[in-house]
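Colleague: Structure provided below as structure tokens; questions to follow.
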Amino acid sequence: MALVSATGPVDAEATRRRLPGNAATHVALGIVAVYVLLAVVSPLVLGDYISVHPATRLKPPSATFWFGTDQLGRGIFERTLVGTGNSLLVGACVALLATLIGGGIGLVAGYFRTGEWVIMRLMDGLMAVPSVLLAIALASLLGAGLTTVIIAIAVPEIPRMVRLVRSVVLALRQQPYVLAAISIGTRPAKILFRHILPNAVGALTVQATYVCASAIITESILSFLGIGSTPDSPSWGSIMAYGRPYFQVSPWMILFPGVFLSVLVLTINILGDGLRDMLDPRLRRGATL
Amino acid sequence: MLRYVGLRLLSTIPVLAFVLLLAFFLLHLAPGDPAALIAGDSATPAQVEAIRAQLHLNEPLSTQLWIWLIDLAHFDLGRSVFSNLPVTQLIAQRFEPTLMLAISTTILAVLLAVPLGVIAAYRARTGIDRGVIVLAVAGYSVPVFVIGYCLIFVFAVQLHWLPVQGYKPLAEGLGGTLRSLVLPTVALALLYVGLIARVTRATMLEVLDEDYIRTARAKGALTLRVLCIHALKNAGPPIVTVIGIGFASLIGGVVVTETVFNIPGLGRLTAEAVLRRDYPLVQGMLLTFAVMLVAINLVVDLTYPLFDPRIRY
Amino acid sequence: MTAPVLQVENLGVSFGVEPNALHAVREVSFSLSAGETLCLVGESGSGKSVTALALLNLLPPRSARISASRLALEGRSLLGLGERELSHIRGKAISMIFQDPMSSLNPALTVGYQLAEAVRLHGPVSAAAARRDALAILDKVRIPDAARRLDEYPHQLSGGMRQRVMIAMALACRPRVLIADEPTTALDVTVQAQILELIGDLKADFGTAVLFITHDLGVVAEIADRVAVMYAGRIVEEGEVSQIFDDPAHGYTHGLLSTLAVANRHAQRLPEIPGSTPRILGADMGCSFAPRCAFAEPQCRTMELHMAEIAPGHVTRCRRAAIVRGAKSEAGHLAHG
């Protein structure tokens, strides 16, 4: 109709100008970069964050202890900053692991359709268990340690990744250029890597970003509940877990790591939204009412 | 309708079968001797042996599975290794607070999220819209225990408006129950609000572009009527779907929320069971939550025809 | 001629912000008398539907800008009315029916609800009375077994039935003006004829003025009293139906009628005027149709345009009207006869 064709380009242009996406995405990228920098630098430059100082226990924030101290007299500032690395590492590893495994299974199920029914029912089953619950159960059984935590968090994230990749592959598989490639006898591996994978990368990247954010939350939940964390390397969740009994008198033990955690997760989610807007233009639209 | 419910129930069988097997094999996934794992490092060999006997760990795996399934068919989930009480009894005891928390959270979340999503879609690309989007993302970005402690600190510790922690059972009066639920409900609902508001906004954006919205305006219907009657009803299915999907996050959130607020519900029970490696109890909790989740999503499916008469069972 | 029910002068609609604003409708003026049918004809993209939506301010408020020197219903200006005041006009004094009856009816509400709503929005009517009214209107638009239809949903009706429901809804409050935006385009030919007949009968019954928007000259020949031809957002020619068909006085009208003649001769091939509808950005000089016009001379593209009356009630924007009128057109006779 006249209306649609007439408004199209103008609207798109206005949208580009008005959308917060790009600016917000750049800010988000900047914040993530700061976190990465903190994670790398703080263990090297900050003082001792492990040894115990009974004389300075539960001190409120001051010039000496910027974020206050915990029940053992250790600085929350140091422990929070050093904890950054733990969260980022878990987030990145889980995102990578879930993307590789989930993406691989999804590709196979969607492209070769081998064992698709069984795979998808398995994924349905995995999704029927609330992910935090499954992660908790796995982490407790597999024992403490970073690797354990990463695996325990990654497993519940896999089904969503499989479903996403499978649906993308199923759609791409019907595209004329893929059908053409199949019809002239191109090897499946070549079709997968030449035609399908490059087109699925966008959706995978967006999903991986969301998985990263959710993994960081789940890790903090696990260490907050006291599952899977090791006492030596501080994690935000465990700093807060130590603060639980004291939070009425020493709220800073929970406040500061909580703020660091929330800002990081929020930033990564905003980054994911920005990526999605960039990679999926269908979502840019406005109401007419 | 009945036929559809029957078919839909059948389709849950593979899912539930998988959950059963997962729950059963979970212990065997762990490296080492399961009995020793459950008993812990300080257990005597006799204690380890007692656990081995209780869980039939000496039998072949197939026999163990068979015994477990037979018991399950009699609603017997075994006994807690820690308290030696039947798992079903423990779960029944702890059911009320969690049920109340889940209901109040869902109600609050829907009441907040749907209007927010509708307003955001109606005022798309304005400051209001962006505000709602940021709030929604923040809702599921800030971990529930961070929000929980902030709420406790402000409203209970500083202002003394509400109890700090704990749960008052319904038997002691609804007022007390509601008071004890306010803060945990708000903390837990924010996550849910984010999810629902986002989907509501996206769906409403699509619906508001439809021709029948223009028809309603051409008939002389005012904005509120157009939004609430003509648009919202059509936006129903995706919204109830996300309520069902979000229920999984809600259960995860319950485990944390009940720990923060010291509520003796299923979430706390789960956390305790995991920390004590009370394996039969963990199994029971996994099954209970999975069944709840499957049931919720079945109910969600059955509500679709209420919104869209084209869907028929 | 009676006093006009609807008067439109210098209506303009633009989308977006200057200097990139897109002028979808420019300098559109027409008036409509009671019981009269005016057909607005043009290709898609010519601004017909935008004109119709602009009359009731149904365009997206944040992107569309509507201007007019006069827009009046029975002498009362509609310009500057707020949403609430306009809502009393919409559906009561001026109703609309749309192209696609499937997407224009709400799939989640029953036919009865949507009809009764049209009644209840414009008067304190009880639910039971509104339902009785709804039933009466359904009978009026000749829907068989109307009582049962009330409790059905739009997807349970056929395309023709749905359009009848749309018409019933539009006529529920006996409007002074009915705007029909390509109401038969989505229907098949036999149903199309029935719907046209229905609109004609109801117009006679209620004395409603009809603004009928279409790109189908066959439909125009059947129902129009007068015809306004739109091109690139402007009305380029307007006159009695016989004047337009027998004596076209604009290059574009001539082209349209020729394609119709071609279509009648070689039914398999879709007729078209070579070239495509221009995008209308900013103010321009000259005739927008000149690049595609068979009668154009270089000055057509540069000289300013004016509406000129060439016969009583027959106006055109064409500089070359005399030459166009001289060219023999067999199309008019074909379509009319």
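Colleague: Quick check: the distance between the Cα centres of segment C:115-140 and segment B:151-181, to the nearest angstrom?
Modeller: Cα centroid to Cα centroid, the span is 51 Å.
Colleague: Once the dipole of segment C:91-140 is set up with Lys and Arg at +1 and Asp and Glu at -1 on Cβ about the Cα centre, which of C:Gln114, C:Ala127, C:Ser95 lies farthest towards its positive end?
Modeller: Of the candidates, C:Ala127 comes out farthest on the positive side.
Colleague: OK, next. In angstroms, what radius of gyration and Dmax does segment B:97-203 have, counting Cα atoms only?
Modeller: 15.2, 49
Colleague: Could you work out which residue, out of B:Ile243, B:Ile152, B:Ile67, moves most in a Gaussian network model of chain B, that is, has the largest mean-square fluctuation with Cα springs under 10 Å?
Modeller: Maximum fluctuation in the GNM of chain B, among the listed residues, is at B:Ile67.
Colleague: If you plug each phi of segment C:182-194 into the Karplus form 6.51 cos²θ - 1.76 cosθ + 1.60 with θ = phi - 60°, what whole-Hz ³J(HN,Hα) values come out, in order, with x for Gly and Pro?
Modeller: Rounded to whole hertz, the list is 6, x, 10, 4, 8, 9, 7, 4, 5, 5, 3, 4, 5.
Colleague: Hey, got the average number of other protein chain Cβ atoms within 10 angstrom for residues in C:93-102?
Modeller: The mean count of partner-chain Cβ atoms within 10 Å per residue comes to 3.
Colleague: FRET efficiency for A:Arg244 and B:Ile107, Cβ-Cβ distance as r, R0 = 22 Å, nearest 0.05?
Modeller: 0.15
Colleague: How much length would be gained if the chain were fully extended between B:His74 and B:Val291, taking 0.36 nm per residue of separation minus their Cα-Cα distance, in nm to one decimal?
Modeller: Here the segment from B:His74 to B:Val291 would lengthen by 76.5 nm.
Colleague: Points 7 angstrom from Cα along the Cβ direction at A:Ala92 and A:Ala189: gap in nanometres?
Modeller: Going by the 7 Å Cα→Cβ label model, 3.0 nm.
Colleague: Can I ask one more? Towards the positive end of the charge dipole of chain B, with charges on Cβ (+1 Lys, Arg; -1 Asp, Glu), say which of B:Ala92, B:Val144, B:Ala53 has the farthest Cα.
Modeller: The residue sitting farthest along the positive end of the dipole is B:Val144.
Colleague: Another question, if that's okay. How many angstrom separate the Cα center of segment C:148-206 from the Cα center of segment C:6-65?
Modeller: 23 Å
Colleague: What FRET efficiency, computed as 1/(1 + (r/R0)^6) with R0 = 35 Å and r the Cβ-Cβ distance, is obtained for A:Ala180 and B:Ile13, rounded to the nearest 0.05? Numbers along the way, then the final one.
Modeller: Details: r = 41 Å, r/R0 = 1.17.
Plugging the Cβ-Cβ distance into 1/(1 + (r/R0)^6) gives 0.30.
Colleague: Please report C:Cys300, A:Cys212 as a ranked list, fewest other C-beta atoms within 10 angstrom at the top and most at the bottom.
Modeller: In increasing order of surrounding Cβ atoms, one gets C:Cys300, A:Cys212.
Colleague: Would you work out if segment C:2-71 is rounded, prolate or oblate? Take a ≥ b ≥ c from the square roots of the eigenvalues of the alpha-carbon gyration tensor; rounded if a/c is under 1.5, else prolate when a/b is larger than b/c, oblate otherwise. List each step's numbers first, then the result.
Modeller: Values: a/c = 2.30, a/b = 1.80, b/c = 1.28.
Prolate is the answer for segment C:2-71, as a/c is 1.5 or above and a/b outweighs b/c.
Colleague: Using the Karplus equation 6.51 cos²θ - 1.76 cosθ + 1.60 (θ = phi - 60°), what ³J(HN,Hα) coupling, rounded to whole Hz, does each residue of segment C:139-148 give in order, writing x for Gly and Pro?
Modeller: Values, residue by residue: 4, 4, 8, 6, 9, x, 6, 4, 4, 6 Hz.
Colleague: Tell me, how many Å apart are the Cα centres for segment C:88-103 and for segment B:81-105?
Modeller: 57 Å
Colleague: Still on this structure, I have one more. Sorting B:Thr44, A:Thr205 on the 10 Å Cβ count, fewest up front, what's the list?
Modeller: B:Thr44, A:Thr205
Colleague: Beta carbons within 10 angstrom, averaged per residue: use that to sort the peptides B:185-191, C:224-230, B:13-19, highest first.
Modeller: Most protected by this proxy first, the peptides run B:185-191, C:224-230, B:13-19.
Colleague: Based only on other Cβ atoms within 10 Å, what is the fewest-to-most ordering of B:Thr12, B:Thr200?
Modeller: Ranking B:Thr12, B:Thr200 by Cβ neighbours within 10 Å, fewest first, gives B:Thr12, B:Thr200.
Colleague: When chain A is modelled as a GNM with alpha-carbon springs shorter than 10 Å, which of A:Arg244, A:Arg160, A:Arg276 fluctuates the most?
Modeller: Highest fluctuation of the listed residues: A:Arg244.
Colleague: Now, a different point. Using a 10 angstrom Cβ neighbour count of at most 15 plus a DSSP loop assignment to flag exposed GluC sites (Glu not before Pro), which longest range of chain C is free of such sites?
Modeller: Details: sites that count: C:Glu74, C:Glu272, C:Glu304, C:Glu330.
The longest uninterrupted stretch comes out as C:75-271.
Colleague: Lysine pairs in the protein assembly as shown 8 or more apart or on different chains: how many have alpha carbons under 27 angstrom apart?
Modeller: Taking the protein assembly as shown as the scope, the lysine pair count is 11.
Colleague: For chain C, modelled as a Gaussian network with Cα springs under 10 Å, which listed residue fluctuates most, C:Cys293, C:Cys39, C:Cys318?
Modeller: Highest fluctuation of the listed residues: C:Cys293.
Colleague: Shifting gears a bit: Each residue of segment C:46-57 in order: what ³J(HN,Hα) in whole Hz does its phi give by Karplus 6.51 cos²θ - 1.76 cosθ + 1.60, θ = phi - 60°, with x for Gly and Pro?
Modeller: 7, x, 5, 5, 4, 4, 4, 5, 5, 4, 9, 6
Colleague: About the Cα centre of the protein assembly as shown, what is the dipole size in debye to 20, counting +1 per Lys and Arg Cβ and -1 per Asp and Glu Cβ, all else neutral? All intermediate terms of the calculation are to be shown ahead of the outcome.
Modeller: Working: 76 positive and 66 negative charges, 87 e Å.
The dipole of the protein assembly as shown has a size of about 420 debye.
Colleague: Looking at segment B:15-61, I'd like the Rg to Rh ratio, where Rg is from alpha-carbon atoms and Rh is Kirkwood's inverse mean 1/r. Each step should come with its number before you reach the end.
Modeller: Working: Rg = 12.1 Å, Rh = 11.6 Å.
With Rg and the Kirkwood Rh in hand, the quotient comes to 1.04.
Colleague: Quickly estimate the mean residue ellipticity at 222 nm for chain C, helices only: each DSSP H run with n ≥ 4 gives -39500 (n - 2.57), and the total goes over all residues, rounded to 500. Let's see the in-between values first.
Modeller: Details: 13 runs with 118 residues, N = 337.
Taking each H run of at least 4 residues, the total per residue is -10000 deg cm²/dmol.
Colleague: Across peptide A:246-257, how many C-beta atoms of other chains are within 10 Å of each residue C-beta, on average?
Modeller: 3
Colleague: Follow-up question, since we're still on this one. Would you calculate, for chain A, the mean residue ellipticity at 222 nm contributed by helices, counting each DSSP H stretch of 4 or more residues as -39,500 (n - 2.57) and dividing by all residues, to the nearest 500?
Modeller: Mean residue ellipticity at 222 nm (helix-derived): -24000 deg cm²/dmol.
Colleague: Sticking with this one: How large is the Kirkwood hydrodynamic radius of the protein assembly as shown, counting all unique pairs of alpha carbons, in Å? Don't jump to the answer; show the numbers that get you there.
Modeller: Numbers: mean 1/r = 0.0308 Å⁻¹.
Taking the inverse mean of 1/r over all distinct Cα pairs, the protein assembly as shown comes out at 32.4 Å.
Colleague: Within segment B:236-313, list the trypsin sites (Lys or Arg not before Pro) lying in a DSSP loop whose Cβ has at most 15 other Cβ atoms in a 10 Å radius.
Modeller: B:Arg310, B:Arg312
Colleague: Once the piece of chain linking C:Ser69 and C:Asp151 is laid out straight, how much longer is it, given 0.36 nm per residue of separation minus the C-alpha distance between them?
Modeller: That works out to 25.0 nm of additional length.
Colleague: Grab the beta carbon distance between B:Val5 and C:His88, set R0 = 51 Å, and tell me the FRET efficiency rounded to 0.05.
Modeller: 0.60
Colleague: Give me the net charge of C:Ser14's neighbourhood, meaning all other residues with Cβ under 10 Å from the Cβ of C:Ser14; Lys, Arg count +1, Asp, Glu -1.
Modeller: +1
Colleague: Report the Rg/Rh value for segment B:155-313, based on alpha-carbon coordinates and the Kirkwood definition of Rh. Let's see the in-between values first.
Modeller: Numbers: Rg = 20.5 Å, Rh = 18.7 Å.
With Rg and the Kirkwood Rh in hand, the quotient comes to 1.10.
Each reported figure results from applying straightforward, stated rules to the coordinates on display, with no laboratory input. If you're wondering where the values come from, they're calculated on a predicted model, not measured in any experiment. Glycine gets a Cβ as well: all are built from the backbone with ideal geometry, and neighbour counts include every protein chain shown.
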